[in-house]
Amino acid sequence: MNPALTLGPTSAQLAQTQTPVPPVAGPRLLTGWYETGAPADLVEHHRRYGQLPLPGRPGQPAHLIDEVTAAGLRGRGGAGFPTARKLAAVAAAGRRPVVVANGCEGEPASAKDAALLSLAPHLVLDGSVLAAHALGASEVILCIHQGAAATHTLPCVIAERDDPVPVRLVEVPPRYVASEASALVHFLNSGDARPTTSPPRASQQGVNGRPTLVDNVETLAHLALIARFGASWFRSTGTPQLPGTLLITLGGAIRRPGVYELAGGTTLGTALQHAGGPTTPVQAVLTGGYAGTWLAVPKSLDVPLCQEGPPTTGSALGVAVLLALPRTACGLAQTAHLLRYLAAQSTKQCGPCTFGLPAIATDLTDLVTGHPSAPTALERLHRRLGVIPGRGACAHPDGAARLTTSALQTFATDLHHHIHGHPCPAAGDPSLFPIPGRH
């Protein structure tokens, strides 16, 4: 994949300078990949970015928190929570903390964390160690899913380094909800990767009862760059609300699917063009992964990729995934595929997830297949969508409800045909988007 981006300085240019030159435009996290097409070892990493600027003494987080606050860095795991507030909450707990780098990628359509851990693992480790050293943490725990490609490479990458805080690699069961922050903490404490909702928060009492910083690996990689090049540099691209760059996975009916590093606030249409544009006319794009929102095309092509989402669309970026749906497909049938997958990922902790998700998946399937219960399915579906959000043990049922609601709105014309006795001719088509366990 070779998107038309203005790149940062080449490795040869960096080698001629005593102080590393920060990339000004284009890729930042993946600049080495765009230049060389290969991951960087530790020597090349230090030549490109310089040594990690650790604070003079461990347990002195004030400067790092101030710099991250000024940079406006927000979490890249999906929720977009301000990173400085997380750091400050852990620091305020007043006890020796733990840092958890979350490299588990539960969203099946996302590949950005896997790409980062493969192509720029030292940036992730830099940010993790920097945060741990500043907070006075006893260890860094890097979590990835069992079977991920990084399980074969990261042990060697960690062994290359001589960090002041030990880094431990932990493999987590590859389930959709296992990458949620409270699920990671619960797994590290008990071996059970299920989300929890009861207080206290991880920042107060997390792994082994210690204050715990849980941050996405991309967030920590950005933190490593901010510590080197400063808040003003970080804000020199992106928008005031979402400064910096972000890694986005693009898939579906586009020419060059893959992971791209784009500036915050890039429009939906521009992002698709970076991936070569559609392979066929597109009717909608799913933003935010399988718990995200459908946006109709072409009217949404000017929508910026941001955390809050434009008020007119009701769409927030969430997990940075864009999936283009061709006009030849049925958006409702494709949504039914995703709902059945999400229902199967329930951890059976609450009624909205255990019973609600299979029910709405069945309702939508009945609508698109022309099942005898189809005339009443829409009424049942709306009723269930009104009671599911906000009542689960975690946000999993909320995401499924959001996906379904946006599908009913975006594909209203198809919905009208289905409820008037015209089942979808594409109802039996396979899922166009990846679903684990299906081939």
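For the chain, what does the relative contact order come out to in percent, with C-alpha contacts under 8 Å and a separation of six or more?
Numbers: 891 pairs, mean separation 64.5, N = 439.
After rounding, I find 15 percent.
Points 7 angstrom from Cα along the Cβ direction at residue 328 and residue 63: gap in nanometres?
5.9 nm
Could you give me the ³J(HN,Hα) list for segment 200-207, computed from phi with Karplus coefficients 6.51, -1.76, 1.60 and θ = phi - 60°, whole Hz, x at Gly and Pro?
Listing the rounded values in order: x, 5, 4, 5, 9, 8, x, 5 Hz.
In whole angstrom, note down how far apart the Cα centers of segment 193-255 and segment 43-99 are.
10 Å
Restricting things to Cα coordinates, could you compute the convex hull volume per residue of segment 26-234 in Å³?
Numbers: hull volume 23.7 nm³, N = 209.
Per residue, the Cα convex hull of segment 26-234 comes to 113 Å³.
If you take the alpha carbon radius of gyration of segment 202-338 and divide it by 2.2 N^0.38 Å, what ratio comes out, to two decimals?
On the way: Rg = 17.0 Å, N = 137, 2.2 N^0.38 = 14.3 Å.
My calculation over the Cα atoms of segment 202-338 gives 1.19.
Suppose we keep just the alpha-carbon trace of segment 163-263; what are its Rg and Dmax in angstrom?
17.2, 48
Based on DSSP H runs of at least 4 residues, each adding -39500 (n - 2.57), what is the mean residue ellipticity at 222 nm of the chain after dividing by all its residues, to the nearest 500 deg cm²/dmol? Don't jump to the answer; show the numbers that get you there.
On the way: 17 runs with 171 residues, N = 439.
Dividing the helical sum by the residues of the chain leaves -11500 deg cm²/dmol.
If the viscosity is 1.002 mPa s and the temperature 20 °C, what Stokes-Einstein diffusion coefficient in µm²/s follows for segment 331-419 when Rh is the Kirkwood radius over Cα pairs? Could the numbers behind the result be given before it?
Working: Rh = 12.7 Å.
In µm²/s, the coefficient is 169.
Once you compute Rg and the Kirkwood Rh from C-alpha atoms, what is the Rg to Rh ratio for segment 268-374? Could the numbers behind the result be given before it?
Working: Rg = 15.5 Å, Rh = 15.2 Å.
Computed over Cα atoms, the ratio is 1.02.
Can you tell which of 173, 58, 425 shows the greatest fluctuation in a Gaussian network model of the chain with Cα springs below 10 Å?
Looking only at 173, 58, 425, the largest GNM fluctuation is found for 425.
Which semi-axes, in whole Å and largest first, does the equivalent ellipsoid of segment 31-88 have when worked out from the alpha carbon gyration tensor as the square roots of 5 times its eigenvalues? All intermediate terms of the calculation are to be shown ahead of the outcome.
On the way: eigenvalues 142, 68, 15 Å².
They are 27, 18, 9 Å, listed largest first.
Where nothing but the Cβ of Lys and Arg (+1) and of Asp and Glu (-1) is charged, how large is the charge dipole of segment 38-159 around its Cα centre, in debye to the nearest 20? The partial results should precede the final answer.
Numbers: 10 positive and 9 negative charges, 69 e Å.
The calculation lands at about 340 debye.
Rounded to the nearest 5, what % of DSSP beta bridges with both residues in the chain are antiparallel?
Values: 19 of 38 bridges.
Bridges in the chain that DSSP calls antiparallel: roughly 50 percent.
May I ask you to evaluate 6.51 cos²θ - 1.76 cosθ + 1.60, the Karplus curve with θ = phi - 60°, for each residue of segment 122-134 and list the ³J(HN,Hα) values in order in whole Hz, giving x for glycine and proline?
3J(HN,Hα) across segment 122-134, in whole Hz: 5, 5, 4, 5, 4, x, 5, 5, 4, 5, 5, 5, 5.
If contacts are Cα pairs under 8 angstrom and at least 6 residues apart, what is the relative contact order of segment 223-288 in percent?
Details: 81 pairs, mean separation 16.4, N = 66.
In percent, rounded to a whole number, it is 25.
Once the mean 1/r over all distinct Cα pairs of the chain is inverted, what Kirkwood radius in angstroms do you read off?
Details: mean 1/r = 0.0445 Å⁻¹.
After inverting the pairwise mean of 1/r, the radius is 22.5 Å.
Which of 159, 257, 53 sits closest to the plus end of the dipole of the chain, meaning its Cα is farthest towards the positive end, when Lys and Arg get +1 and Asp and Glu get -1 on the C-beta?
53
Taking every pair of Cα atoms in segment 245-326, average 1/r, invert it to obtain the Kirkwood radius, and report Rg/Rh to two decimals.
Details: Rg = 11.0 Å, Rh = 12.1 Å.
My calculation puts Rg/Rh at 0.91.
Kindly state, to the nearest 0.05, the FRET efficiency for residue 255 paired with residue 232, given R0 = 22 Å and r defined as their beta-carbon distance. Let's see the in-between values first.
Working: r = 36 Å, r/R0 = 1.64.
Here the calculated transfer efficiency is 0.05.
For segment 375-415, with the dipole built from +1 on Lys and Arg beta-carbon atoms and -1 on Asp and Glu ones, taken about the Cα centre, which of 408, 382, 394 lies farthest toward the positive end?
So the residue we want is 394.
Each residue of segment 278-294 in turn: what ³J(HN,Hα) in whole Hz from Karplus with 6.51, -1.76, 1.60 and θ = phi - 60°, glycine and Pro shown as x?
x, 7, 7, x, 10, 9, 6, 10, 8, 9, x, x, 6, 9, x, 9, 7
Any idea what the dipole of the chain comes to, in debye rounded to 20, about its Cα centre with Lys/Arg Cβ at +1 and Asp/Glu Cβ at -1? Display every interim value, and only then the final one.
Details: 31 positive and 27 negative charges, 119 e Å.
My answer is approximately 580 debye.
All of the numbers you see were taken from the coordinates with simple rules; none came from a lab. Keep in mind that this is a model prediction, so the values were computed, not measured. All Cβ positions, even for glycine, are placed from backbone atoms using ideal geometry, and neighbour counts span all protein chains on display.
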